[in-house]
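Trainee: Here it is, the structure in full.
Each value in this text was obtained by applying a stated rule to the coordinates, not by laboratory testing. Fair warning: this is a prediction, and the values are worked out from it, not measured in the lab. All Cβ positions, glycine included, derive from the backbone under ideal geometry; neighbour counts span all protein chains shown.
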Amino acid sequence: MFAWLRKLTHPRNSITGSAAKLILGLGNPGPRYAQTRHNAGFRAVESISGSRDGWKKYRSLASICTVEIEDMLVVLVRPLTFMNLSGKAVQPLLRQLHLQPQDLLVIHDDLDLPSGKVRLRPGGGSGGHKGVQSVIEHLGSRNFARLRIGIGRPPEGTNPVDYVLDPFPWEDRSFFEDVWKLAGDAARCWATDGIQTAMNKYN
C-alpha cells in the first residue's frame, strides 16, 4: 500500500510499517510566511520531522515527510495550497493511503487559546479557522482530531488577519521553539496511544 510513498520519500525503501497516521500542519508556503503566527502548524510538524530536510513534494499540493513513531509509519504534511485551500491537499493523500478522517490529526494556530498553550480535541467545528473549515469541506467530515496551538488575541485595535500574518516577535521565538516541541510530543502521543490518552496527558 505504501510502495509509492516509500519510493517518493525514501528511495532505498528504508521505512517499513504496517499502519499509518497522517499529521497535517496548517500554514502558508514560502519565506514570507515562515515565521508568522498562522504557520504554527508548519512549525509543529517540522519539529516532529526533526529536520527541514527529507521533505518531498506531493504533486503540487503539499510537501510531505515520513517518520517512524514506535514502528508506525506516520506521514507529515505541509499544504502548498495556502491556508484557505488546505483541504485540497489532504483529501487525495488520505484517499491514496486508504486512511479515514479518524486517522488524521490537524495542527493549527488558535486565537482563543493563551499564547503557547496546546489543546487536543477529537473533532467538532472549525472555530472560525479557514484552514480547518477547508479540511471539513473537502473531507465531508468533522470526525478528525485537532491540536490547537495558542497564539493569543491581538492587541486592542489590531486586525486579527494582520495579527496572524505577522511574524512572532523576536523575544518570543525561543519560547515558541519549546512550544513546537511540546506540540510534536502531543502529536506523537496521539499517533501511538490515541486521542483520549493524548488529551489526558497534554490538555
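Trainee: In Å, what Kirkwood hydrodynamic radius results for the range 19-90 from the alpha-carbon pair distances?
Mentor: About 12.2 Å for the range 19-90.
Trainee: Treat every Asp and Glu Cβ in the chain as -1 and every Lys and Arg Cβ as +1, leave all other atoms uncharged, and give the resulting dipole magnitude about the Cα centre to the nearest 20 debye.
Mentor: Numbers: 26 positive and 19 negative charges, 139 e Å.
Magnitude of the dipole: close to 660 debye.
Trainee: Moving to a separate point now. Assuming 1.567 mPa s and 4 °C, estimate D for the chain with Stokes-Einstein, Rh taken as the Kirkwood radius over Cα pairs, in µm²/s. Mind showing how you got there, number by number?
Mentor: On the way: Rh = 16.8 Å.
For the chosen part, D equals 77 µm²/s.
Trainee: Sticking with this one: To the nearest Å, what is the center-to-center distance of the range 31-46 and the range 163-199, using C-alpha atoms only?
Mentor: 11 Å
Trainee: Oh, and also: Given labels modelled 7 Å from the Cα in the Cβ direction, how far is it in nm from Arg121 to Phe175?
Mentor: Here the answer is 2.4 nm between the modelled labels.
Trainee: Work through the residues other than Leu85 whose Cβ is under 14 Å from its Cβ and net out their charges, Lys, Arg +1 and Asp, Glu -1.
Mentor: +3
Trainee: Right, something else. In Å and from the alpha-carbon atoms only, list the Rg and Dmax of the range 75-170.
Mentor: Both quantities, over Cα of the range 75-170: 14.1, 46 Å.
Trainee: How high is the relative contact order of the chain? Use alpha-carbon pairs under 8 Å, at least six apart in sequence, and give a whole percent.
Mentor: It rounds to 24 percent for the chain.
Trainee: Show me the GluC sites (Glu not before Pro) within the range 120-203 that DSSP assigns to loop and that have at most 16 other Cβ atoms within 10 Å of their Cβ.
Mentor: Glu156
Trainee: Can you say what percent of the DSSP beta bridges in the chain, counting only those with both residues inside, are antiparallel? Round to 5.
Mentor: About 50 percent, rounded to the nearest 5.
Trainee: Grab the DSSP H runs of the chain that are 4 residues or longer, score each as -39,500 (n - 2.57), total them, divide by all residues and round the 222 nm result to the nearest 500 deg cm²/dmol.
Mentor: Only helices count here, giving -11000 deg cm²/dmol.
Trainee: For a distance above 17 Å, tell me the whole-number percent of Cα pairs in the range 133-191 that qualify.
Mentor: Everything past 17 Å amounts to 59 percent.
Trainee: Also, I was wondering about something else. Shape call for the range 53-113 from the C-alpha gyration tensor, a ≥ b ≥ c root eigenvalues: rounded (a/c under 1.5), prolate (a/b greater than b/c) or oblate?
Mentor: Rounded, since a/c falls under 1.5.
Trainee: Could you give the nm distance between label points at Asn84 and Asp112, where each point is 7 Å from its Cα heading toward the beta carbon?
Mentor: It works out to 2.2 nm between the two label points.
Trainee: For the pair Val161/Asn203, report the inter-label distance in nm, with labels modelled 7 Å from Cα in the Cβ direction.
Mentor: 3.3 nm
Trainee: May I ask you to sort Leu99, Leu22 by Cβ crowding, counting other Cβ atoms within 10 Å and putting the fewest first?
Mentor: By the 10 Å Cβ count, ascending: Leu99, Leu22.
Trainee: Work through the residues other than Met199 whose Cβ is under 13 Å from its Cβ and net out their charges, Lys, Arg +1 and Asp, Glu -1.
Mentor: Residues near Met199 contribute +4 overall.
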